[in-house]
Every structure is written in structure tokens, then in C-alpha cells.
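The values are calculated or read from the model by the stated rules, or taken from the named source; none is laboratory data. The model shown is predicted, which means the values in this text are computed figures rather than measured ones. Please note: Cβ atoms are built from the backbone with ideal geometry, for glycine as well, and neighbour counts cover all protein chains shown.
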Amino acid sequence: MSRIYLDHNATTPLAPEALAAMLPFLSDEEGGRFGNPSAISSEGRVTRAAVDEARETLAQILGASRPQEIIFTSGGTESDNLAVIGLCRSRVEKNGCRRHLITSQTEHHAVLHAADFLEKHEQFQVTRLPVDARGLVDLDALREALTPQTALVSIHAVNNETGTIQPVPEIAAICREHGVPFHSDCVQAFGKIPVNCESPDAISLAAHKFHGPRGAGLLWLRSGFSIEPILFGGAQENERRPGTENVPAIVGMAAAAQWAIQNLESEADRQTTLRERLWEGIVAAFPQAVRNGAWDEPGRQLANTLNISFPGLDSEALLINFDLEGIAISGGSACMAGSTQPSHVLMAMGVPKETASVRFSLGKGTSAERIETVIARLPRIFARCRL
């Protein structure tokens, strides 16, 4: 039985373009492309040039005013941690009394746990904005939450579980009116919808979400904003993130980003068609199925993502039976497989605890033939889950 991967929001396979860019920096001893970018030797200069070129490429893609606004990290979690903790600490240093952070209840745990840390260990007050049944932040609630003590607003561009797209430009405008920096976790957004430096003041990305390598990410920080490091050691990344740069991963991330941007529109159109065909097949096999997200408003859902509730079924049984049928998906319910904790995203949206929900997320390798294969296997899956 052929395996079908529908879990691209969790991670993506490495693009051939990224692999080709990385290979010379993994094993080329004679060419000097294995050197430490901080070294003054010829080998160091070769890899430093590669890092600088990748930085320039990514800055251009994001529309940054200077390549130095790009801070390379180990991935989305570190980028979010650095943004939330580093920017908040910097504002405290500059303004003394600014110990208030605003975020939303449906953020990735990389943001929520960073907020918990500031609240527990650094005397921050944290406002966690509620969302409506579609997963959207209430802009009026954001306005009401802002105070002269607010150091940072951190709200994601896209939710990883539901694919709901937040009104980032509107959020940015409100923050700008109040003179408060705005960080947006764009880990699930980049490569799927346009992401640029026009609205937020800081953006987090992770390479493995857009067919780049694991272990690579970045934080874009607008010029004029200072940030306190959360790691300590060397002076890399303009003393904002110490540690020897992961040259192969950085080069691969830049190549994957180029591929993603070149194919963004065509992939979005293609995946939208496949997503809707999958939804039709699911409803035909299980008429009680419900899509979670902002489906009532055009442009508020990622093309590749379906978060679906199946009343009366069990989430773990669904995941196991999809896997037995050779289909990789993710949980997204009050009883996620391998966890005793509910999905904080769906709970915030008002989805009942007892409702089983799972996530299908498509990618560049998802074909019409594979979607039809999934649809053909659905009756067996649901029949077993009803037993």
C-alpha cells in the first residue's frame, strides 16, 4: 500500500533545490566549504560569503530594508522565543515600567510558553486575547488591551492547526497607532500566502515548513528596534544570537524560500482545488463532518489546510485508522493522540471537548491521484471507527 503524506503543516520534505544548494557545504573539504564562518581563514571566508548571500536573498524576499535585519536561528521555536523574550526585555531596559505583553489564546506554544516564562519569572502581565468561533482575534479587544505599559504584541499570521489567517495589516496598524512593536509568528504562513516586512516589526520563519531543512530559521527585526539575546556565547548575528552558523541549513533555507515564492500562487490555486475535492469526499463519506476555521470569509483560510471535526468519533481511533490505511495526518482535538492535554486552539474556538478533530495539510507532493486514493479509503476508515 502506497503511503500518502497529508501532514505538511507539521513538516515538509526537503526540496531538491534546497538539497542541491546544501550538498557542497556538507562535504567539500577541498573547496573549503566546510569552514567556520567566523574564522579568518580562506575556508571561513568561503562560508561567510555563503551566509551573507543567503541573508541578502532572504532579506530581498521579505522586503527588508537591510540584510542585517535578518537574524539566523535554529528554527521557529527559537525565533519566537527570541522575539517575545528578547523584545520584551529590551523594552523594559529602555522604558523601565513596560512589563505588559499581549498575545492570543491560539498562538503556537513557542509564543505561549515564552509568555508564561515572562509572567512567572520576570513580573510581566500577559493578556491572552480570546478568539471567535472562526479563530480570529477581536480587534476591538486588542485596542482595549493596549496600555502605556505594553511592551509587545505577538499574534501569529496563520494558525498551524486550523489554517485561519489573522488580519495582520489591521493588527499592525493598531499597534503602530499606540507605538507598540508587533511581532508575528509567520512560520505557517511563509510560502503559502504573501509574507513581507510591510506590516509587522518582527517576523519568525522556520525553513522546514516550506521544504527547507530542519534546524534552520530566522527572525526578521525592523531596523531601529533593539533586542536582548536569550543565548550567550559568541558575537555572531551582530551579537543578537551567538553560536556557529549552520551554513548548509542556512543556504538550504534560502534556496527553499526562493522555490516557495516562485511557486506560491500556482501552488495555492492547485492546493485549493485539491483541498475542496478532499472536503467533498469527506462529507460524502461522513455527512456530519464540520470544517473548523474562518470559512465564511474569503481569504481567511490557507489553501492547504483542513481541520475537521467528526462528531461521535474518537480522535485517536481516527489517527490510527488513517495511518493503517497509509495516510499521514495530525490530531487537533480535545484528546490528541499521545497527549492528555486538549487542543488549546480548538478549545479557544469553542469546539466541544468530546468532539474528535483532525488536520489534513497538503503540500507540493500532493497530487489529484493521491487525493482520490484518500477518498476511496475513507469508507473503510469511518466504518472501523464506528465499531
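Those helices (runs of 4 or more DSSP H) of the stretch 250-360 in which 3 or more residues are of a type in the set (S, T, N, Q) and outside the structural domain of V187 (by TED's automatic domain parsing) occupy 264-285.
Residues of the stretch 171-223 that are free of Cβ contacts under 8 Å to residues at least 60 places away in the same chain, acidic (D, E) and either buried (at least 24 other Cβ atoms within 10 Å of the Cβ) or part of a helix (DSSP H, G or I) (or both): E177 alone.
Scanning the stretch 8-50 for residues that are surrounded by fewer than 17 Cβ atoms within 10 Å (Cβ to Cβ), touching a strand residue (DSSP E or B) at 6+ places or on another chain (Cβ under 8 Å) and of a type outside the set (A, V, I, L, M, F, W, C) yields one hit, P13. On the given criteria, is T103 modelled with pLDDT of 90 or more, under 30 Å from H344 (Cβ atoms), within 23 Å of the chain's Cα centre (by Cα) and of a type in the set (S, T, Y)? Spelling it out, T103 is indeed modelled with pLDDT of 90 or more, under 30 Å from H344 (Cβ atoms), within 23 Å of the chain's Cα centre (by Cα) and of a type in the set (S, T, Y). Which of the residues belonging to the stretch 172-211 are touching a Lys or Arg at 6+ places or on another chain (Cβ under 9 Å), charged (D, E, K, R) and under 17 Å from A64 (Cα atoms)? Correct list: D201 only. All of E78, E69 fail the test of being in contact with a Leu (Cβ under 6 Å, 6 or more places away or on another chain), buried (at least 18 other Cβ atoms within 10 Å of the Cβ) and in the same structural domain as S184 (by TED's automatic domain parsing), apart from E69. T147 meets the conditions (1) more than 28 Å from S309 (Cβ to Cβ); (2) outside any loop (DSSP other than H, G, I, E, B); (3) touching a residue at least 40 places away in the same chain (Cβ under 8 Å) in every case but one. The failed one is (2). Scan the stretch 39-48 and tell me whether some residue there is touching a Ser or Thr at 6+ places or on another chain (Cβ under 7 Å), basic (K, R) and outside the structural domain of I371 (by TED's automatic domain parsing). No: the stretch 39-48 contains no residue that is touching a Ser or Thr at 6+ places or on another chain (Cβ under 7 Å), basic (K, R) and outside the structural domain of I371 (by TED's automatic domain parsing). Checked against the criterion of being at pLDDT 95 or above and part of a helix (DSSP H, G or I), the candidates E56, E93 yield just one match: E56. Contact map, the stretch 121-134: residues that are assigned by TED's automatic domain parsing to the domain that holds I165 and closer than 25 Å to E297 by Cβ paired with residues that are among the hydroxyl-bearing types (S, T, Y) and not in a strand (DSSP E or B), Cβ distance under 6 Å, separation 6+ or inter-chain. Pairs shown: V131/T106. Contact annotation: residue pairs with Cβ atoms under 6 Å, 6 or more positions apart or on different chains, pairing a residue in the stretch 276-289 that is without any contact (Cβ under 8 Å) to a residue 24 or more places away in the chain with a partner that is surrounded by fewer than 16 Cβ atoms within 10 Å (Cβ to Cβ) and part of a helix (DSSP H, G or I), are A289/V283.
Residue check: I308 meets all listed conditions (1) buried (at least 20 other Cβ atoms within 10 Å of the Cβ); (2) more than 22 Å from T11 (Cβ to Cβ) but one, namely (2).
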